[in-house]
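Chemist: Sharing a structure here in structure tokens format.
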Ligand SMILES: Nc1ncnc2c1ncn2[C@@H]1O[C@H](COP(=O)(O)OP(=O)(O)OP(=O)(O)O)[C@@H](O)[C@H]1O
């Protein structure tokens, strides 16, 4: 994996509640969590358990009711360029070309024209969209738009990539292709990734670490290292996804995660 200099993300004693109709609705309860640089952390849990709330706190879109969120020992006080967010639905500017969408972050940071074009083209190539730089987002399929969004976040040099069910709206084939591409990108760039998913298989397949949250108010009830994705990349040897999924240890973790979410065993 690429060397990385990403900062550690730390949530300490985090509680969060929303006020709805004058009443407090608990969303997160006592979350103590450290994301180490370069980890690919997947987060699963029942609907409404507080996953998005946790991600939004790390993104700096809001502050916790209690406790603290910090990145590299600095308290999070709002969004920052080192934390990129990939939403479930692509949020691209329709009036800009695919390339200009990807260039936007570097442009806002004052990167010159030639340099930002180079960065954009590098990331478009990484996500397999090199031939579509001059297209408009609406000329791309949903999966291609999602890849463009990922390229945009990476081009913005966000060392920490926060992904909220990014593949949730995609068909199974595109989803599988993007999962494999994302793993390649992670191996190549060494970013820290926090990835929310409803799919237990996706959580176990992608994560170098798998977290499960309890029903609302969410707490982390399972925290496991998963070596499957890294194992395949160890010495450049690629292991086919089907082989990884057939490993007994993979099946075991899958069942453990399913049990933690109170889903029935698969077999
Ligand atoms: N802006 C808000 N105002 C009021 N309540 C909210 C708000 N955002 C979230 N909540 C509530 O907080 C709880 C946690 O929501 P959150 O979106 O974090 O869950 P989630 O685990 O991401 O759900 P899902 O998997 O269904 O996307 C839910 O009960 C939700 O209704």
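Chemist: Sorted from largest down, give the three principal axis spans of the alpha carbons of the chain, whole angstrom values.
Modeler: 49, 48, 34
Chemist: Here is a further query. How long is the gain from residue 24 to residue 157 if the chain were fully straight, where each residue apart is worth 0.36 nm and the alpha carbon distance is subtracted?
Modeler: 44.2 nm
Chemist: Put a dot 7 Å past each Cα toward the Cβ at residue 47 and residue 199; how far apart are the dots in nm?
Modeler: Reported label-point gap for residue 199 and residue 47 is 1.8 nm.
Chemist: May I pose another question? Report, in whole Å, the centroid distance computed from the Cα atoms of region 241-267 and region 152-230.
Modeler: For region 241-267 versus region 152-230, the Cα centre distance is 16 Å.
Chemist: Something else about it: Within region 157-172, what residues put their amide N at less than 15 Å from the label point 7 Å along the Cα-to-Cβ vector of residue 113?
Modeler: From region 157-172, the list is empty.
Chemist: Given a Förster distance of 22 angstrom, what is the FRET efficiency for residue 256 paired with residue 62, based on the Cβ-Cβ distance and rounded to 0.05?
Modeler: Approximately 0.10, to the nearest 0.05.
Chemist: Run the helix sum for the chain: -39,500 (n - 2.57) per DSSP H stretch of 4+ residues, divided by residue count, reported at 222 nm to the nearest 500 deg cm²/dmol.
Modeler: That calculation yields -11000 deg cm²/dmol at 222 nm.
Chemist: Suppose R0 equals 45 Å; then what is the FRET efficiency for residue 225 and residue 171 from their Cβ-Cβ distance, rounded to the nearest 0.05?
Modeler: The formula returns an efficiency of 0.90 here.
Chemist: Peptides 31-44, 111-124: what's the order by average Cβ count within 10 Å, highest mean first?
Modeler: Order by mean packing, descending: 31-44, 111-124.
Chemist: For the pair residue 32 and residue 180, what calculated FRET efficiency results from E = 1/(1 + (r/R0)^6), where r is the Cβ-Cβ distance and R0 = 35 Å, to the nearest 0.05?
Modeler: Step by step, r from the Cβ atoms, then E = 0.60.
Chemist: Taking every pair of alpha-carbon atoms in region 83-166, what share in percent sits in each 5 Å bin, from 0 to the bin with the longest distance?
Modeler: Pair shares across the bins are 3, 18, 29, 28, 17, 5, 0.
Chemist: Give me the number: length gained by fully extending residue 91 to residue 242, i.e. 0.36 nm times residue separation minus the C-alpha to C-alpha distance, one decimal in nm.
Modeler: Between residue 91 and residue 242, full extension yields an extra 51.1 nm.
Chemist: Another question, then. What number, in percent, do you get for the relative contact order of the chain if the mean sequence gap of Cα pairs under 8 Å and at least 6 apart is divided by its residue count?
Modeler: 26
Chemist: Let me ask another. In whole Å, what is the distance between the alpha-carbon centres of region 96-147 and region 13-88?
Modeler: 29
Bear in mind these aren't lab numbers, they're just calculated from the coordinates by the rules spelled out. None of these values were measured; they are calculated from a predicted model. No Cβ is skipped: glycine too gets one built from the backbone with ideal geometry, and neighbour counts run over all protein chains shown.
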